[in-house]
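Bear in mind that the values in this text are calculations on the coordinates, not laboratory data. The shown structure was predicted, so the numbers you read here are calculated from the model rather than taken from an experiment. Cβ placement follows ideal geometry from the backbone for every residue including glycine, while neighbour counts extend to all protein chains displayed.
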Amino acid sequence: MRSLRFQFIAFVTAVLVILLLLLNTYPILSSRDAVLEEKRSFLSSQASVLASSLSGLDRLSRESVAEVLRFLDFSGFSRIVVTDADGVVVYDSSGPVGQVSDIADITTALARQETLFRSAFAGAAFSSSMVTLISYQGAVTGAVYLAEYDAERAEIILSFQSRIRTVSVTIGVLALLTACLFVTLILRRLRELVRSMRTVAAGDYSYRHRARGQDEIAELGAEFNLLTERLETTEVQRRRFVSDASHELKTPLASIRLLSDSIVQNEDMDPGTVREFVTDIGNEAQRLQRTTEKLLALSRLDDTGVQIVPEPVDVKQTALDALVFLRPLAKEKQVHIRSELEEGCVVMATQDHMFQIIFNLIENAIKYNVPEGSVLLRLQGLEHTVQLTVEDTGIGIPEEDRPNIFSRFYRVDKARSREAGGSGLGLSIVHDAVTAYGGSIAVGQNKPQGTRFIVTFPRPTSEETGI
């Protein structure tokens, strides 16, 4: 498997090769093309001037052509050839005359009756030639051949090419070194992040990655720290939950075992005492059952694999059903229950969860109230929400305890909670059930004493309820 370093360096190298090839090719080709075009223009104009000057002669001869060349100063060309209409050389600056020219371009130009230009960058010079026809009164009387060998321009281009190559190599080496340094620094930071992940994966949730900079890797490190913090919080809550759950289950089990052992070991126990012990065993068993049922309810709420299908729920009717079960408890505790329930308050939830929410809130309000106290259940429909309020005149919740009351097994007054039969799970069930349906729950102080819980659900549209 190829490493990220290799892939990155290979990518940068490929890009550099393409760019440097373009840098070394395009400017040189453009320069050559520009010089060749300049040669074409220059040779064409010079050949035209010479052909025009020779067209006025009565007869083309070596002497007459040489005279015209001396007058026009054509000394910069490597070879000048003038032929008649049959291609016989009249003048050649570097060869014999009187024979048909061996220059193929002259023969081709006379045969085609057209101008012919040829140029090439060969070796270390530009070799260019131009053939132009000599005409007199519309008839071709000969041809002019001009050849040029330019080493100076070629040397300039070759020098330019050498400099570009040197600069390209320097840029390529520096770019590769910079890329290697950059990828090394990036990979070092990624390795630090991977080591942090492995440390957390090994179980050290208190570890925090040291994120540096303001780039995407630093943002990734910050997100990793947030995730680790949530994992640490979850782990602390899990351990506390396991510890509290074990304690909650252990206490009634220990009581049941102690009472049952007392009955078994005491053969002379009178029937009244046995009945009392058996009653206590039943109470502890009920307490154990309530705790287990609440744990199962929380487990179902936590199970993300369980698909909950909300349905329209009439909150008023559900509240009335809950009050039927709770009025005997209120009568026993000498607590008065009042209700103010509006019609038409429908939310998207399930009947069971809505019943649990209302039942647990009112049950707590009764249990932690004072004799001759009261509980007010208010239901009202607002424009976009449905609001359920439970107020009591009980002992209240201290300000410092309110952020934790929805934590599992959390009790404000442990002694009084145990006395009232509370397990510390009721408000956790309420909170999880409310948030599962997009609602919110808040707790505050009821004046002059007591507690107020406000549960808010989004009000569904007619399309959602089908009503």
Selection from L320, G396, V375 lying farthest towards where the dipole of segment 311-465 points positive, charges on Cβ: G396
Between S48, Q7, A111, whose Cα lies farthest towards the positive end of the dipole of segment 4-157 when Lys and Arg beta carbons carry +1 and Asp and Glu beta carbons carry -1, centred on the Cα centre? Q7
Below 8 Å, C-alpha to C-alpha, sequence gap of six or more: please give me the relative contact order for the chain in percent. 9
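For the chain, return all DSSP H helices satisfying: extent of Cα atoms along own axis at least 18 Å; mean Kyte-Doolittle hydropathy at least -0.5. List each step's numbers first, then the result.
Numbers: long enough: 4-54 (74 Å, 1.00); 151-201 (72 Å, 0.86); 216-265 (71 Å, -0.22); 271-302 (46 Å, -0.55); 315-333 (26 Å, 0.15); 351-367 (24 Å, 0.18).
Result, helices passing both filters: 4-54, 151-201, 216-265, 315-333, 351-367.
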Between beta-carbons, use under 13 Å as the cut-off and find the net charge around I366, counting Lys and Arg +1, Asp and Glu -1. 0
What's the magnitude of the charge dipole for segment 311-465 around its Cα centre, counting Lys and Arg as +1 and Asp and Glu as -1 at the beta-carbon? Answer in Debye, nearest 20. 640
Only Lys, Arg (+1) and Asp, Glu (-1) charged, at Cβ; the chain dipole about Cα centre in debye: 1160
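What share of Cα pairs, in percent, lie more than 40 angstrom apart in the chain? Working shown, then result.
Working: 65477 of 108811 pairs.
Everything past 40 Å amounts to 60 percent.
So how do Y91, Y207 line up by other beta-carbon neighbours within 10 Å, fewest first?
On the way: Y91 23, Y207 16.
Going from sparsest to densest Cβ surroundings: Y207, Y91.
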List the aspartates and glutamates whose Cα sits under 16 Å from the Cα of K316, skipping any in the same chain fewer than 8 residues away. E340, E342, E343, D352
Please give me the summed charge of the neighbours of A218: other residues whose Cβ is under 14 Å from its Cβ, Lys and Arg +1, Asp and Glu -1. 0
Just want the answer: with Cβ charges of +1 for Lys and Arg and -1 for Asp and Glu, which residue in A349, H384, L329 is farthest toward the dipole's positive end in segment 311-465? L329
Semi-axes of the equivalent ellipsoid for segment 4-157, Cα gyration tensor, largest first, Å: 44, 14, 13
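Highest mean first, what order results for 263-274, 182-193 on Cβ atoms within 10 Å?
On the way: 263-274: 9.8, 182-193: 14.2.
Ranking, from highest mean packing down: 182-193, 263-274.
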Any aspartates and glutamates with Cα under 20 Å of the K333 Cα? List them, leaving off those in the same chain fewer than 8 positions away. D321, E363, E372, E391, D392, D413, E419
Taking K and R as +1 and D and E as -1, what net charge do the other residues with C-beta under 14 Å from the C-beta of L133 add up to? -3
